[in-house]
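Before any comments, here is the structure.
The values are calculated or read from the model by the stated rules, or taken from the named source; none is laboratory data. Worth saying up front: this structure is predicted, and the values here are computed from it rather than measured. Every residue, glycine as well, gets a Cβ built from its backbone with ideal geometry; the counts of neighbours run over all protein chains shown.
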Amino acid sequence: MEEAQRALLQRSRLRLVGELQVAPLWDLLLHKGVFTQDMIEEIQRAGTRRDQARQLVTDLQTRGRQAFPAFVSSLRETGQNDLVALLSEGAKFPQLRPLDLKPVEIGLRGGKGDTCGKAHEYLPTPVQAVTERHQVSTRPSAAAQGSAAERSRRNSDMVYVLKADPCGYCLIINNVSFIEESDLSSRAGSNVDCEKLEKRFQSLHFDVLVRRDLRAQEIAGELQRLARQDHSALDCCLVVILSHGCQTSHIQFPGGIYGTDGKHIPVEKIVNFFNGSHCSSLRGKPKLFFIQACGGEQKDRGFEVDSDSPVNQPRGGSVESDATPFQIQPGFVSWRDTQSGSWYVETLDSVLGQYARTEDLLCMLVRVAHAVSAKGKYKQMPGTFNFLRKQFFFTTD
């Protein structure tokens, strides 16, 4: 959207919030490609008509060049002529072609904050419009029928559709060395984890950025910087944190992550940086968090299986085995090998390599939990806090 159009929306905000009738607009804005169904449902959850109108105006400013004329056209078609006149005054709009909208190539506005004394910013990566590659064939081949991309095209009501390339940003924070005053040991093997995940998520069409050895405040700064990026032309976002962890009080998400200075950030705060209020351009889009961190000092030896179970079956973990968290269970250590990295990341990388083409994320995380919990004398049970409303398949083509 042009800066002049954003300014016009901001100047007209009071009247739009007071007069805009949002209900008749939803189908039109969906048809014209201004919002996806997920985005519309998120706006509708804002509350009253005024709340929905306010959120619509906010989110509209994050959309592409066609968004403003499409919005004005929708107002005209629903008879809201006073608002059409308000927004058309002194403005000239290009001819609108609702059925030929394409993702807009944008430059990414990177932060210029200082991390570990070095200025940095997210490097712009062109977002390519994907058209022919994602058209549904009327007679798909057997291979195409089994692919995650084809499955998502056929069943978009139940599956998140990833069309952008890259599909989203991936931020990896890797803390290895901690200051002496923190009483936290060096995380030998974490660089192996980091390298594996960087390569893996690049192969899954993410734009990957790695940050190393950050203090707690610097971790928060990197996460906020990522949340402030314009994600409108992207389909998802991924955060990976490799560090020491601890137990914390919480409402939804347990645990905390240590910075190299020994101060911690609650996982709940990390997740909330990317909610709809703080990151409107990710509203309605999947946000994934993979956290490799110990949550305490206990070693889970598991419990003996019942006598009627197979005699060679390993001990089960004392943590509920049907849980599927995205981080190491709070209260227990996580196990790491200095040469091959952590059990969790080694297994996650292997499962993604084998099954990302055919299985959704939650199925793969169950595989990871099963494999990791069966390793070694001491048990480790990773699990997932899942608030996704659809299946998520990675882009593998």
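Some observations on this one:
- A count restricted to segment 195-212 and to residues that are farther than 27 Å from residue 281 by Cβ and buried (at least 19 other Cβ atoms within 10 Å of the Cβ) stands at 1.
- Number of residues in segment 271-290 that are among the hydroxyl-bearing types (Ser, Thr, Tyr) and without any contact (Cβ under 8 Å) to a residue 40 or more places away in the chain equals 1.
- Hits in segment 24-42 (condition: touching a residue at least 12 places away in the same chain (Cβ under 8 Å) and closer than 18 Å to residue 72 by Cα): 24, 25, 26, 28, 29, 31, 32, 33, 34, 35, 36, 40
- Identity of the residue in segment 1-59, among the acidic types (Asp, Glu) and in contact with a Lys or Arg (Cβ under 8 Å, 6 or more places away or on another chain), that ends up surrounded by the fewest Cβ atoms within 10 Å (Cβ to Cβ): 2
- Positions within segment 186-218 being in a loop (DSSP other than H, G, I, E, B), in contact (Cβ under 8 Å) with a residue 24 or more places away in the chain and either more than 23 Å from residue 269 (Cβ to Cβ) or outside the structural domain of residue 270 (by TED's automatic domain parsing) (or both), in sequence order: 188, 189, 204, 205
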